[in-house]
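In what follows, a single structure is set out as structure tokens and then discussed.
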Amino acid sequence: MNSKEKGLVIIYTGEGKGKTTAALGLVLRAVGHKKKCLIIQFGKAWFTGELVGIKKLSPYAAIIQGGKGFLNIKNFALKSNQPKDIHKKAAREAYDLLYKEIKSDKWDIVVADEIAGAVSSGVLPAKLVVKLIKDKPFRLDLVLTGHFAPKELIKMADLVTEMQEIKHPFQQGILAKKGIDF
């Protein structure tokens, strides 16, 4: 990577499926170019296929889960029953690790998966994500995902894609599928 090349801030947001999938696809592409990628997941606290899949991309990619489940979600199977204070503590710990790793300047791409959802659900202050964007190394590409990305983050981003649900298998009673949804 050209060290003078500006790193992008990319946001995948919206109510439709595919935010994490898009971010992980970007990581897969980057690993093909031997770029070092880190994914830190906010909210997710259960087994997903990406946990095993990303390990197979080592030493170029790593993934860390830093959540206690989701708040304010329609899917009761994924909804957490933990008190909000527990979520706030987990989100702050994940953020502190994320910030430390970003400042280490050892990664080419960092994905903060579901961080926008952590902000929108009130477990992580938006000002911390603003600081993250402002303090990232110039060359680092930073990818933020999650529902309801705040306007101030959208304004700071270089690329924003909003996923919009048009049709979903849940509407037909089809539950989440291995390899597709998790």
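In segment 158-174, the residue that is most open to solvent (accessible area, probe 1.4 Å) out of those that are within 13 Å of Glu15 (Cβ to Cβ) and of a type in the set (A, V, I, L, M, F, W, C) is Ile166.
When the test is whether a residue is open to solvent by less than 40 Å² (accessible area, probe 1.4 Å), farther than 21 Å from Ile86 by Cα and without any contact (Cβ under 8 Å) to a residue 40 or more places away in the chain, Val143 does not pass it. Annotation note: of Glu101, Glu114, the sole residue that is touching a residue at least 60 places away in the same chain (Cβ under 8 Å), surrounded by 16 or more Cβ atoms within 10 Å (Cβ to Cβ) and in contact with a Ser or Thr (Cβ under 9 Å, 6 or more places away or on another chain) is Glu114.
Residues in segment 117-139 that are within 24 Å of Leu57 (Cβ to Cβ) and crowded, with 20+ Cβ neighbours inside 10 Å: 1 in all. Within segment 100-117, the set of residues being among the small types (Gly, Ala, Ser) and at pLDDT 95 or above comprises Ser104, Ala112, Ala116.
Within the set Leu51, Leu8, Leu78, Leu71, the sole residue that is surrounded by 13 or more Cβ atoms within 10 Å (Cβ to Cβ) and at pLDDT 95 or above turns out to be Leu8.
Which ones in segment 146-157 are open to solvent by 20 Å² or more (accessible area, probe 1.4 Å), in contact (Cβ under 8 Å) with a residue 60 or more places away in the chain and not aliphatic (A, V, I, L, M)? Answer for segment 146-157, where residues must be open to solvent by 20 Å² or more (accessible area, probe 1.4 Å), in contact (Cβ under 8 Å) with a residue 60 or more places away in the chain and not aliphatic (A, V, I, L, M): His147, Phe148. Only residues that are part of a helix (DSSP H, G or I) and open to solvent by less than 10 Å² (accessible area, probe 1.4 Å) were counted across segment 11-29, and they come to 2.
The values are calculated or read from the model by the stated rules, or taken from the named source; none is laboratory data. As the structure is a prediction and not an experimental result, all values here were calculated from the model. With ideal geometry, Cβ positions are generated from the backbone for all residues, glycine too; neighbour counts draw on all protein chains shown. Quick note on the areas: whole protein, heavy atoms, side chains included, nothing else; ligands and nucleic acids left out. Shrake-Rupley method; radii C 1.70, N 1.55, O 1.52, S 1.80 Å.
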